[in-house]
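Read-outs: derived from the displayed coordinates by stated rules, not from any lab. Please read these numbers as outputs of a predicted model, since none were measured by experiment. We place every Cβ from the backbone using ideal geometry, glycine too, and count neighbours over all the protein chains shown.
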Ligand SMILES: Cc1cc2nc3c(=O)[nH]c(=O)nc-3n(C[C@H](O)[C@H](O)[C@H](O)COP(=O)(O)OP(=O)(O)OC[C@H]3O[C@@H](n4cnc5c(N)ncnc54)[C@H](O)[C@@H]3O)c2cc1C
């Protein structure tokens, strides 16, 4: 039996002294492999269990839902949520925080509270590797043997359409973060907005199925309203790589033209060809746009950890999760599921989609643990409210499910309802925006 690092630490002082003495006679390569072993190959400090262990990587909207509902649907499961963050910060509603409409406390939630309330374990660590054959997840805080494993790690940015120069990409990430992965990026953008003195503030909308289709348009409205309230001589330039507004078009288009004619310039078909950060100019095929400040949102892809652990496929050179789209099971790997925004299906990448999908995936895992009858595919639900003004607060929304076309293996919008008449319903829909957020936070944490 292999001796783990923890076992070694538990040995007597004599043994430790003797291994230290031996270490001095090791060759350089032996030292290297010893270091590797001590850095990662030890058992995670979690109690052993005889029950089926379900490990969920990623405590976002998807992972939180799966951890909670797996425990609910299969109470015998020992559920461990592996999350690299110390606390949860919500992306939904964060655009309102950028202009101080809500407090950071409203967006921030406690992983320990969620775990205690829902009878699972929150394990603070980063998943770094996978031994599929032996069903072991390797993390920055030790190895975890699993019976079922879920990857719900969200997205990473893909700057490759804009640049292949790592130093330049790094400048974009550091100086002009996108603000679509929560935490410091949002704080940087908030400071940019609150300190803005005037001129052009550039936002971008990427091509492809990017995270939260309406959020860049919502952000443009909110920043524009803030500039308007402050009577700044300022404009939000919204450069959209798509040929039109990608969702809730009527609602956003009318808000742009009727509320923010002097504060938003919406530019469709504006795929960026070059960004000059020193001259502060953005170039598209047809135009160039000088700017005072910006937040550049590049294309997105499934989180890179999937590629590292061999669970991604090369779909048209864009690596994405390799799964059965109806069962979320990883292709060629046993008892592994991939969910949330890193899924390859064309569902809207939203918190509500991830939350409802999480319940379905939990029922699939529970069915295997409980050995009950097969669970039929269930559509996720996308419900998404977007603020279009802050003074007074008004919002629009969309609700949709998805249908599956077995013949051409595609998903389509189904049962879609949109509420985009902000003049009539905007104030009520703004109240519903908070009602929705309160309900989802309660579902995940309380
Ligand atoms: C500005 C903005 C506004 C939005 N507004 C809305 C809205 O109004 N309504 C709506 O429904 N959706 C909205 N969304 C979208 C929503 O936030 C995402 O769709 C949702 O977060 C996706 O959930 P997820 O669990 O897939 O990913 P995430 O929520 O990103 O969670 C992934 C988690 O995995 C963790 N992780 C990643 N890699 C590892 C690893 N190797 N080890 C351990 N942990 C790891 C991350 O730390 C993270 O906590 C908005 C998003 C943004 C950015």
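Remarks
- Across segment 180-244, Cα-Cα pairs farther apart than 18 Å form 39% of the total.
- The angle separating the long axis of helix 13-23 from the principal Cα axis of greatest extent in the chain is about 80 degrees.
- Structural descriptor for the chain: relative contact order 17 percent, calculated from alpha carbon pairs under 8 angstrom and at least 6 residues apart.
- Residue 194-residue 257 FRET efficiency (beta carbon distance; Förster radius 35 Å; 0.05 resolution): 0.85
- Distance between the 7 Å Cα→Cβ label points at residue 140 and residue 85: 1.4 nm.
- Label point at residue 104 placed 7 Å out along Cα→Cβ; residues across segment 159-181 whose backbone nitrogen lies under 20 Å: 174-181
- Long-range tail of P(r) for segment 29-148 (Cα pairs > 23 Å, %): 39 percent
- The gain in end-to-end length when the residue 131 to residue 313 segment is fully stretched comes to 63.7 nm, 0.36 nm per residue minus the alpha carbon separation.
- For the chain, calculated [θ]222 nm from helices alone, where every DSSP H run of n ≥ 4 adds -39500 (n - 2.57): -10500 deg cm²/dmol
- To the nearest ten degrees, helix 351-370 and the longest principal axis of the Cα atoms of the chain are 30 degrees apart.
- Percent of beta bridges antiparallel (DSSP, segment 161-295, rounded to nearest 5): 35 percent
- Summarising the label geometry, the points placed 7 Å from Cα in the beta-carbon direction at residue 271 and residue 173 lie 2.4 nm from one another.
- Diffusion coefficient (Stokes-Einstein, Kirkwood radius over C-alpha pairs, 4 °C, 1.567 mPa s) for the chain: 55 µm²/s, rounded to a whole number.
- Spin-label model distance (nm) - residue 250 vs residue 424, 7 Å beyond Cα toward Cβ: 0.9 nm
- Equivalent ellipsoid semi-axes - Cα gyration tensor, segment 161-295, angstrom: 21, 18, 15
- Segment 161-295, relative contact order in percent, only Cα pairs under 8 angstrom and at least six apart counted: 26 percent
- Computing FRET efficiency as 1/(1 + (r/R0)^6) for residue 414 and residue 279, where r is the C-beta to C-beta distance and R0 is 60 Å, gives about 0.80.
- 0 to 90° range, to nearest 10: angle between helix 28-40 axis and the chain longest Cα axis: 70 degrees
- The shape of segment 353-446 can be summarised by an equivalent ellipsoid whose semi-axes, obtained from the alpha carbon gyration tensor, come to 32, 19, 7 Å from longest to shortest.
- In the chain, the DSSP beta bridges split such that about 55 percent are antiparallel, to the nearest 5.
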